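J.: First the structure, then my questions, so here it is.
The values are calculated or read from the model by the stated rules, or taken from the named source; none is laboratory data. Note that this is a predicted model, so its numbers are computed, not measured. No Cβ is skipped: glycine too gets one built from the backbone with ideal geometry, and neighbour counts run over all protein chains shown. Surface areas here come from the heavy atoms of the whole protein model, side chains and all, with no ligands, DNA or RNA. Shrake-Rupley method; radii C 1.70, N 1.55, O 1.52, S 1.80 Å.
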Amino acid sequence: YMGANLLFMLVVGLLLFAIPTPPTDSEYSLPPNTYKEPINPHLHANLVHPRAPVRVSAPPLVNVSVTPTQLTGKGGWVNVTWSGVLYRKEIDWIGMFCVPEETSVVLRAPVEFKLAAGSSGGIPPPSGEVSFYVHNWRSSCLFGYVTGSAAYPLVLGLSSRVTFDNYNIPTGIHIAIAPHDPSAIIVHWTQLKVNTKSPPSVKWWPTSDPKAVAVSVATAVTYNTSNFCDVNYMPAARDGYFAPGYQLNATLHNLIPSAEYSYQAGDEFGGWSAIQTFFGPLKRGHTRTRIAAFGDMGNAPVDGGGQFSFDFNQRGELPAPNTTRAILEEVVSSTPPDIVLHIGDISYAVGYGAEWDQFMSQIEPVAARVPWMTGIGNHEYGFSKSFIPSQDSGGECAVPYLARFPFSTLDASVEWSKQSPWYSFDVGAVHVTVMSTEHDFTSKSDQYKWIEKDLASVNRSVTPWILFAGHRPMYVLSGWDGDGQFAEYLRNEIESLLIEYRIDLAIWGHFHAYERTCPVKNMTCADDGVVNIVMGMAGYELTTLIPPPAQWTPWLVSANQLQYGFVILDFEDDRSLHVTFRANDHSVLDDFVIKNKSYS
């Protein structure tokens, strides 16, 4: 969550992590866990400015070749070789540039990079080889050997392009509960083009009756550089721009609760996805409900390469695939979560658009079968004119987020800048209210009025639990004064609503650790207070700002800034909520029960 000037850092030195095995064609597979936790490497890094012109030598001074030159399906491995490098530097790197054939790599950040020297560091050899996993993200890719100073990188040679047999295959498939119809599921995905003669659709049927096929036609949206903010100096509209294709969604109505359904997304023009399955949303009411919740996940390349990121020395959020994998293991267990709730700082693309595709590919094994519900964070929205002015979104100002998660706003049909990215939905016994801490929430704001109206409208005889969620926390113990100051601001405006409507649990992210309070009201433990959990430990590099236990405030009950993971909220019945903080190896790090105030 920490602000940063957008400098592109290239790692020099020992890379401590093994390269994962590649993803397979299975919709539900992930590479094995290779990131050993906890670990916090601080490697030497050289700074390379991402907006510096990327010059291309003419004629080329280095021979760069790639095999194979064509891939099929969702992606595959390629080997990049180079030779003839006369003058070499420690910071020389191999970049993967995935841009349309009519587009130059000049002024474009690489989708991914690897040091030419490899894991040993030092001066790279005059010839060598490195492997990349290339995803089918609607574009061919080429590879360059890059040298030069931090301010003036120079491409010494470029490979031929690696192409795909079909750029229009559905990717990034994920589902959500329809906020206004808890018996419906929305299927979302990405395609390069929309063919009006064969409109993108979802074919779906009860798994037990494959002949009962229904078809739901999708709606499509897209965006371009004109939709972003701070376009003159932020990467989203400049070197980080990555053509998004079309974001599609189709709603599947009148689903039988807990019944298994099968589906495929796509069209006759580009083809159909593999068959996926999900269960109809839980019937609203008195039933056991399980939620996997966390914040601040992000993404990391599956081949161990680097990309723009504020953490882990430009290698992405290394623990994020492990958290995704651990949640997948929960999904296929005997007690799976009914939904996933990801409360802000979703992909950490921060203006480098290809990382949205990386993130969607990462979560697809889970999100294609379990609703992946979201809330907005500062790294989706923050820009120079936002409620909390910052550079945190890299100029995205929520556009890529809202395009991929349109259910998470009250008014997805209006232009991006006018949308209200807060909402609520029901799942089983739980009413979930998701606010935006990135928009005005003061007492006279539209959001405040909506929150009050939403909480007042909940029928506790139908949904006996209310779960409240937002990104920046209302209670946090941090060594940085800014965290506490914002928490106080949020408490002054919102806490009275949570007390009035007897909210039992409020969950937050943003602070990269786990913290739990007692039932608290106005900084004091109280029987009518609200338990607050900070759960920003799903992928971004963990904080070191939690003071030792001797300096904890009375309202802080549990804290952990050493381990990554997620929280399982098990609403066992109308009266008891069993909460566990689980590390990515499924060990339980915190375990407690909340009793429903409606029955106290």
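J.: Could you give each residue of segment 459-474 its phi-based ³J(HN,Hα) in whole Hz, using Karplus coefficients 6.51, -1.76, 1.60 with θ = phi - 60°, and x for Gly or Pro?
T.: Rounded to whole hertz, the list is 8, 5, 6, 9, 10, x, 10, 10, 9, 10, 9, x, 8, 6, x, 7.
J.: Mind ranking 560-570, 371-381, 132-142, 251-261 by how tightly packed they are, going by the mean number of other C-beta atoms within 10 angstrom, highest first?
T.: 371-381, 132-142, 560-570, 251-261
J.: Could you derive backbone 3J(HN,Hα) for segment 257-263 from the dihedral phi with the Karplus parameters 6.51, -1.76 and 1.60 (θ = phi - 60°), listing whole Hz in sequence and x where the residue is Gly or Pro?
T.: x, 6, 7, 7, 10, 10, 7
J.: Would you mind estimating how fast segment 444-599 diffuses translationally, via Stokes-Einstein at 10 °C and 1.306 mPa s with the Kirkwood radius over Cα pairs, in µm²/s?
T.: Answer, rounded: 99 µm²/s.
J.: Let me ask you something else. Taking amide H positions as placed in the peptide plane 1.01 Å from N, state which residues far from residue 148 in sequence (5 or more) or on other chains have amide H under 5 Å from it.
T.: 154
J.: Show me, for segment 584-591, the HN-Hα J-couplings you get by feeding each phi into the Karplus relation (A = 6.51, B = -1.76, C = 1.60, θ = phi - 60°), rounded to Hz, glycine and proline as x.
T.: With coefficients 6.51, -1.76 and 1.60, one gets 5, 9, 6, 5, 8, 9, 8, 8 Hz.
J.: If you average the alpha carbon positions of segment 545-600 and of segment 477-524, how far apart do those two centres end up, in angstrom?
T.: Taking the Cα centre of segment 477-524 as reference, the centre of segment 545-600 is 14 Å away.
J.: Would you tally the net charge around residue 354, using a Cβ to Cβ cut-off of less than 11 Å, leaving residue 354 out, and scoring K and R as +1, D and E as -1?
T.: Result for the neighbourhood of residue 354: -1.
J.: For segment 235-335, compute the orientation-averaged projected area of the C-alpha convex hull (one quarter of its surface), in nm².
T.: 10.1 nm²
J.: Also, quick follow-up: Less than 14 Å Cβ to Cβ from residue 572, Lys/Arg counted +1 and Asp/Glu -1: what total charge do the surrounding residues give?
T.: That works out to -2.
J.: Go ahead and run the numbers for FRET between residue 595 and residue 390, Cβ-Cβ distance against an R0 of 51 Å, rounding to 0.05.
T.: In this case the efficiency is close to 0.85.
J.: Could you report segment 506-596's accessible area per residue, 1.4 Å probe, as an integer in Å²?
T.: Value returned for segment 506-596: 36 Å² of accessible area per residue.
J.: When DSSP assigns beta bridges and you keep just the ones with both residues in the chain, what percent turn out antiparallel, to the nearest 5?
T.: Here the share of antiparallel DSSP bridges comes out near 80 percent.
J.: With an 8 Å cut-off on Cα pairs and a minimum separation of 6 or more residues, tell me the relative contact order of segment 172-327 in percent.
T.: 22 percent.
J.: So if we plug the beta-carbon distance of residue 462 and residue 120 into 1/(1 + (r/R0)^6) with R0 = 56 Å, what FRET efficiency do we get, rounded to 0.05?
T.: Computed FRET efficiency for residue 462 and residue 120 comes out at 0.35.
J.: Going by Cα centres, segment 281-306 and segment 307-341 are how many Å apart?
T.: 8 Å
J.: While we're looking at this one, here's another question. Principal axis lengths of segment 523-587 from Cα atoms, whole Å, largest first?
T.: Between the extreme Cα coordinates on each principal axis of segment 523-587 lie 36, 31, 17 Å.
J.: Straight-line reach from residue 193: which lysines fall under 24 Å, measuring Cα to Cα and dropping same-chain residues less than 8 apart?
T.: 74, 203
J.: List every residue whose amide H lies under 5 Å from the amide H of residue 185, counting only residues 5 or more places away in sequence or on a different chain, with H placed 1.01 Å from N in the peptide plane.
T.: Here 178, 252 satisfy the definition.
J.: Indicate the gyration tensor shape class of segment 344-408 (rounded, prolate or oblate), computed on the Cα atoms with a ≥ b ≥ c the square roots of the eigenvalues: a/c under 1.5 is rounded; otherwise a/b larger than b/c is prolate and the rest oblate.
T.: prolate
J.: Do the sum for the chain: with -39,500 (n - 2.57) for every DSSP H run of n ≥ 4, divided by all residues, what is the mean residue ellipticity at 222 nm, to the nearest 500 deg cm²/dmol?
T.: Roughly -3000 deg cm²/dmol at 222 nm, from the helical runs in the chain.
J.: If you don't mind, another one. Hey, what angle do you get for helix 354-367 against the long axis of the chain, alpha-carbon based, 0 to 90 degrees rounded to 10?
T.: Its long axis makes an angle of about 50 degrees.
J.: Further question on the same structure: How high is the relative contact order of the chain, given as a whole-number percent (alpha carbon pairs under 8 Å, six or more residues apart)?
T.: 13 percent
J.: Right, something else. Could you give the semi-axes, largest first, of the ellipsoid that matches the chain, computed as the square roots of 5 times the alpha carbon gyration tensor eigenvalues and rounded to whole Å?
T.: Taking √(5λ) for each Cα gyration eigenvalue gives 39, 28, 21 Å.
J.: Order 209, 483, most accessible first, counting only protein heavy atoms with a 1.4 angstrom probe.
T.: 209, 483
J.: Net charge near residue 286: determine it from the other residues with C-beta under 10 Å of the C-beta of residue 286, scoring Lys and Arg +1 and Asp and Glu -1.
T.: My count for the surroundings of residue 286 gives +1.
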